[in-house]
Structure formats: structure tokens, C-alpha cells
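Read-outs throughout are calculated quantities, based only on the coordinates presented, and are distinct from any laboratory measurement. Note that the structure is predicted; figures quoted are calculated from it, not measured. Reconstructed Cβ throughout: ideal geometry from the backbone, glycine too, with neighbour counts over all protein chains shown.
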There are 2 protein chains.
Amino acid sequence: MIVYFDFLCPYAWRGLELSNLLGDRPELRHFSLVQGNHPENPDRKNPTWKLAEQSLTEGPGHQTASLAAFLAAKAAARQGDEAGRTYALHLMRLRHAEKRELGEAEVRLEAARRAGLDLARFEADLADEAGLRAELARDLDAAAQLGVFGTPTFVLDSGDAAYLRFSELPGSEEDARRLWSTYEAVLTSGARIETIKRPR
Amino acid sequence: MIVYFDFLCPYAWRGLELSNLLGDRPELRHFSLVQGNHPENPDRKNPTWKLAEQSLTEGPGHQTASLAAFLAAKAAARQGDEAGRTYALHLMRLRHAEKRELGEAEVRLEAARRAGLDLARFEADLADEAGLRAELARDLDAAAQLGVFGTPTFVLDSGDAAYLRFSELPGSEEDARRLWSTYEAVLTSGARIETIKRPR
């Protein structure tokens, strides 16, 4: 299983918490809401404005914060897939539960501390900015190719994929299992369900 | 239960077939894709361009056809709720299974024949154009208030509502039940699922 997510997105935070509750170990990939919704990218599948090519210091705050968070997550993942997942979960909690700023280096470092990373290695990996940008670009290209439009988007091993937006975090593993079963039932329905969406 | 639908929409056709397979008797209400997507209606909940006020002869073909089909369905429903549902199902089949034109009076009449309506009464009710337009306007206002954006949108007795888009018509009542259970599970999930949508 793969999950596409963006640190900016509270629904993606809940998606990572859901995977964590279930004990799932999805492959983490990034999708960028800033890139996906950028006015220079009218064709979702062929973006010309790419976040991975943007400045870390110039530009709107949420854009530079988003890029910095993605690169930090890629650096964390160099300590292993599990380290990458734990780091992403902690950075999400810092942002969405504690309302800290992704744009602050101290917040990104705090996530590494909480995730129990080797901090010296984390800093060293962060310094390979070109390599991290290349990894991010691969994720964002894969997301574009699949047509991802929001996060979290899970891709099952069957290849079925869908955006899953829910607003109440399951309080127990049992509730998490029920939510996941419902999501899987939608994706594997013989009726080929494409969308279920509440009006707002 | 209520179902909002538009005769223009093949997904709404499948929605009505689903209700029919299940033996459900939803209250039929109209939502207009032409009105909903009209450039003069940037605020979905407060439309200023209203289909029920438009000409039956002047304007884009799909717009006049859509209006004529809605008014015919309202005329049919004056012979009873069940007559209204049967008429809508037959007009949907003529449009989406047989690819006939909603804009042709003969097609709208053929649906009345197939539904076993009293044809003289159908023609007489059709002549009350102002009354039918007023009924249509009430449906479209209710749809706007709920924030309906596509069809079919079902409203459960619990008040939970969602657009349901599926592309494979269930072949049996059992398959229909499975699809409906999945849809209900999404709407009643404690996680408050707002959207499940495949990328395209």
C-alpha cells in the first residue's frame, strides 16, 4: 500500500494516524496541494510549475514551509522506512494537533527528536538538498501521473486508489478497522463506485 | 428517503435503477446540472440564474431539453408518487439506454406510455406550465439549500446525504443491496467520512 500525503493537510494527518492505528506500513509518497492547485498547472497530470524546483526562502509562507517539510521527511526516511513513517506522524502531530509551524526549522527538528532519529545523521542528510529535491520530484511526478488531487490518497495493492476524507479520528483500533473496511468496500465494489461525497 | 437527480446525468439514471432494484420508493426531487454549473451562479447555494425561469424553446439544446424533461416528470407525478417514479425511470432508460432525445416531445410521451400513465391527463397536466415550473423551482431551491452539486444525491431519513457515482449497474437485487450497504456504511461511519473519490 502507498499513501500520498501533504503535511499541510489535516485530512492527511488523520490518514497517517489511521494507518498507525491499524499497524499498517504504507509506502509514503508526497503530493503537493500547492503544486496541484497552482494556477500555472491547469492540467493536473502535466504540471509545469513544480514545487521541488522552488526556493526554500522566497515565496508564500505555506509554500516554503511545505517544501521544507517534504525535504525534512525525505531526510528522515534515509534512516529507514519505519523512521520515515514515525517522523511524518510526529511532524503531522506537531502541525495539526499542536499548531506548530512547518516553516520553523526547530519544529522539523523536534519531530526528529520525538521520532527517535539519529539527529546528527538527520542534519547531515538534510544538507543533501539536491538529492532530497530529486526524491521529492519523483513522488510529485508519480502523484501527477496517477491524477492525485487531494490527500490522503491511498493506493491499495490491487491498484485501486482513492482520496479518503474523514473528520473524526477513530478512537480505537476497532473503530479504525471499521473505517478501513468501509473504505475498502467502496474501492472493491463490483458497482465500480467512483465517488461518494457529501454536499457541504 | 429523497433522491435528487437530473435526466441529463447517466449516473443519476443508475441511481434510479438502483432504487428500483431495491424496491425503494424515494421522494424524487430535481437538481439541475445546467443551473448548478451555470457561470452566473458562482455561489451554489444562492443561484441567480434559474432553470425554471428559462425558455422552453430558446437556448442551448441540452438546457431546453432538460427543462422540458423536468416539467414532464412533474406532470407525470400528478398521477401519484409511484407514477412519477415509473415515469422518471422510463424516461431515463429512453435517454441513457436507448439514446433518445429528451428534447423531443414524442420521447417524453413514449415514457408516459411505457409507464402506463393516463395519457390524456398527462397532456392536460403538461398544459399547466406555470404550476409545473413552480414545482420545479421548489425542488431546485431545496437542492441549492442542501448544497447538492451532482446527481444522484440521496438523502437518508437520518438526514445524511451524499452524491453517489458508480459506473456498473448492479445485475441483481443482491448486488444492489451490497452497493447500498456500502453507501450507507460510508454515510453513517463514526469517522464522519466526507469524501471517497478515485483519481481519474
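Things worth noting here:
- When the helices (runs of 4 or more DSSP H) confined to the range B:1-116 are screened for residues that are under 20 Å from B:Leu146 (Cα atoms), those reaching at least 2 such residues are found at B:10-22, B:33-36.
- Scanning the range A:75-97 for residues that are under 12 Å from A:Asn20 (Cα atoms) and in contact (Cβ under 8 Å) with a residue 40 or more places away in the chain turns up A:Glu82, A:Arg85, A:Ala88, A:Leu89.
- The single condition among (1) farther than 24 Å from B:Leu156 by Cα; (2) surrounded by fewer than 20 Cβ atoms within 10 Å (Cβ to Cβ) that B:Gly23 does not meet is (1).
- A residue that is of a type outside the set (Gly, Ala, Ser) and either under 19 Å from B:Leu109 (Cβ atoms) or free of Cβ contacts under 8 Å to residues at least 40 places away in the same chain (or both) occurs somewhere in the range B:45-53.
- When residues of the range A:126-179 are limited to those that are aliphatic (A, V, I, L, M) and in a loop (DSSP other than H, G, I, E, B), the one surrounded by the fewest Cβ atoms within 10 Å (Cβ to Cβ): A:Ala127
- Given (1) crowded, with 19+ Cβ neighbours inside 10 Å; (2) of a type outside the set (Asp, Glu); (3) under 18 Å from the mean Cα position of the chain (by Cα), index of the condition A:Ala191 fails: (3)
- Restricting attention to the range B:175-200 and to residues that are more than 7 Å from chain A (Cβ to nearest Cβ), touching a residue at least 24 places away in the same chain (Cβ under 8 Å) and of a type outside the set (A, V, I, L, M), the residue that is farthest from A:Thr182 (Cα to Cα) turns out to be B:Arg177.
- Within the range A:124-148, residues that are closer than 27 Å to B:Ile196 by Cβ sit with their Cβ atoms under 9 Å from residues that are polar (S, T, N, Q) and assigned to a helix (DSSP H, G or I), at 6+ positions apart or across chains, in these pairs: A:Leu140/A:Gln35; A:Ala143/A:Gln35; A:Ala144/A:Gln35.
- Of all residues in the range B:159-171, those that are more than 7 Å from chain A (Cβ to nearest Cβ) have Cβ atoms under 9 Å from Cβ atoms of residues that are surrounded by 15 or more Cβ atoms within 10 Å (Cβ to Cβ) and assigned to a loop (DSSP other than H, G, I, E, B), 6 or more apart or on another chain, in B:Asp160/A:Arg198; B:Leu169/A:Ala191.
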